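Quick notes on the structure that follows.
The values are calculated or read from the model by the stated rules, or taken from the named source; none is laboratory data. This one's a predicted model, so the numbers in the text were calculated from it and none came from an experiment. Quick reminder, even Gly has a Cβ in these numbers, built from the backbone with ideal geometry, and neighbours come from all protein chains shown. Calculation scope for accessible area: heavy atoms of the full protein, side chains included, ligands and nucleic acids excluded. Shrake-Rupley method; radii C 1.70, N 1.55, O 1.52, S 1.80 Å.
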Amino acid sequence: MKSIVIHAAKDLRIEDRPVEEPGPGQVLLRLAAGGICGSDLHYYNHGGFGTVRLKEPMILGHEVSGVIESLGPGVNGLQTGQLVAVSPSRPCYSCRYCREGMHNQCLNMRFYGSAMPFPHIQGAFREMLVADAIQCIPADGLTAGEAAMAEPLAVCLHATRRAGEMLGKRVLVTGCGPIGLLSIISARRAGAAEIVAVDITGFTLSMAMRAGADKTINTRSEPEGLAPYLADKGTFDILYECSGAAAALAQGIAALRPRGTIVQLGLGGAEMALPMSTVTAKELSINGSFRFHPEFAVGVELMRKGLIDVKPLITHSVPVDEALSGFELANDRSQAMKVQIVFA
Ligand SMILES: [Zn+2]
Ligand SMILES: [Zn+2]
């Protein structure tokens, strides 16, 4: 079977790997769609991010859907031929954080396509994937592409949980890649009254409007665009910081009202500087948000019920043999939002 393997920065190969057998409690999937994520792009562009470096070849990919080809022993509730969204979150369920229900903080997490541990955790961009049945959420009625959006959607639903009460709140979103857009959609679904989105490219801001933002500001062409929101110590109750850029964080903090909440999703390469004296004086709360766990199934359910529509975000689908050009396309923020690889 074909697998998409990263060896080093800009050294991405399509390699033949053996198909594995599903064990007890597992299923064999024929992969349907796989979304290219910002972290996949970090491995592709730089061979890692922050202190995380590739030390051995690694199959990329963690945003996938597939069709069940066969069931291992003891699997109930799933059927062959069924489309499923596959959660890349594989906690141990037994460490101290798992036992406290904080599965995303698992000490033994085996998240697909991650070079944080060594040996690296191999990813899901392969034609045939063995997964635990518990990772597979039935996605009947969705397209393969929508089902593969469950992962980034879950990231933003988790962030919305980390934001606290959303009903009637004024929200600022900085950074309008897929995570920014899905944050807009999640905040709106949770009851946000006003959502303003900020970025530095026109294409992503037009997509933010489609995703449901009330207003967008291009802070490159309009550096003073946020000025009206700075009056009376600031306007917004909640900031979703999705860019990982210190400048965006500082702008957002200036526009937050006293006792507002920062939800930090963006991960820059290095540690970000923070205007701490403003955080202190305005009594702001800082909530990091990292991955997800129960929110994955919630996202699939909301999509299946038609309460969240992610389809407009999928701007490109490329066949697996053209995966390399798909990665180059995903790098181009002037035209690509979510690029997905079509496996079958
Ligand atoms: Zn992702
Ligand atoms: Zn654990």
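Roughly how compact is the range 1-148, stated as its Cα Rg over 2.2 N^0.38 Å to two decimals?
1.04
Among 310, 331, 265, which residue has its Cα positioned farthest towards the positive end of the charge dipole of the chain, with +1 placed on the Cβ of Lys and Arg, -1 on the Cβ of Asp and Glu, and the dipole taken about the Cα centre?
Towards the positive end, the residue furthest out is 265.
Return one whole number: the accessible area per residue of the range 126-221 in Å², for a 1.4 Å probe.
On the way: 3190 Å² over 96 residues.
That works out to 33 Å² per residue.
Tell me, what are the semi-axes, in whole angstrom and largest first, of the equivalent ellipsoid of the range 196-344 as set by the roots of 5 times the Cα gyration tensor eigenvalues?
Ellipsoid semi-axes (Å, largest first): 31, 19, 16.
Grab the beta carbon distance between residue 315 and residue 13, set R0 = 30 Å, and tell me the FRET efficiency rounded to 0.05. Could the numbers behind the result be given before it?
Details: r = 25 Å, r/R0 = 0.83.
Efficiency, from the Cβ-Cβ distance: 0.75.
Stokes-Einstein D for the range 232-303 at 37 °C, 0.692 mPa s, Kirkwood Rh over Cα pairs, in µm²/s? If you can, show how the numbers build up before the last one.
Details: Rh = 13.2 Å.
Translational diffusion coefficient: 250 µm²/s.
Residue 90's amide H: which non-local residues (gap 5+, or another chain) put their own amide H closer than 5 Å, with H modeled 1.01 Å from N in plane and none for Pro or chain starts?
110, 111, 112
Nothing charged except the Cβ atoms of Lys and Arg (+1) and of Asp and Glu (-1): what's the magnitude of the dipole of the chain about its Cα centre? Round to the nearest 20 debye. Mind showing how you got there, number by number?
Values: 31 positive and 33 negative charges, 147 e Å.
So the dipole magnitude of the chain works out to roughly 700 debye.
Suppose each label sits 7 Å from its Cα in the direction of the beta carbon; what would the residue 70-residue 328 distance come out to in nanometres?
In this crude spin-label approximation the distance works out to 3.9 nm.
Please report Rg over Rh for the chain, where both radii come from the alpha carbon positions and Rh follows the Kirkwood definition. Let's see the in-between values first.
Numbers: Rg = 19.9 Å, Rh = 20.5 Å.
Reported Rg/Rh (Cα atoms, Kirkwood Rh): 0.97.
Sort 216-225, 149-158, 82-91 for me by packing, meaning the mean count of neighbouring Cβ atoms within 10 Å per residue, highest on top. Show your work: numbers first, answer last.
Working: 216-225: 15.1, 149-158: 27.4, 82-91: 23.7.
Final packing ranking: 149-158, 82-91, 216-225.
Could you work out how far the C-alpha centroid of the range 20-38 sits from that of the range 294-314, in angstrom?
So the two Cα centres are separated by 20 Å.
By how many nm would the segment from residue 99 to residue 221 grow when fully extended, if each residue of separation counts as 0.36 nm and the alpha-carbon distance is taken off? Present the calculation step by step, with values, prior to reporting the outcome.
Details: separation 122, 0.36 × 122 = 43.92 nm, distance 4.88 nm.
Gain in length upon complete extension: 39.0 nm.
Place a +1 charge on the Cβ of each Lys and Arg in the range 1-147 and a -1 charge on the Cβ of each Asp and Glu, then give the dipole magnitude about the Cα centre in debye, rounded to the nearest 20. Please list the in-between numbers first.
Details: 12 positive and 14 negative charges, 93 e Å.
About 440 debye.
Just want to confirm a number: the relative contact order over the chain, from Cα pairs under 8 angstrom separated by 6+ residues, in percent.
On the way: 834 pairs, mean separation 60.9, N = 344.
It rounds to 18 percent for the chain.
Mind ranking 186-197, 226-237, 59-70 by how tightly packed they are, going by the mean number of other C-beta atoms within 10 angstrom, highest first? Can you show the working numbers first?
Values: 186-197: 20.4, 226-237: 16.4, 59-70: 24.8.
Highest to lowest by the protection proxy: 59-70, 186-197, 226-237.
For the Cα atoms of the chain, what angle does the longest principal axis make with the long axis of helix 150-163, in degrees from 0 to 90, nearest 10?
So the inclination is approximately 40 degrees.
Could you run the Karplus curve 6.51 cos²θ - 1.76 cosθ + 1.60 with θ = phi - 60° over the range 10-15 and give me ³J(HN,Hα) per residue in whole Hz, x for Gly and Pro?
Calculated HN-Hα couplings, in order: 6, 10, 10, 10, 9, 10 Hz.
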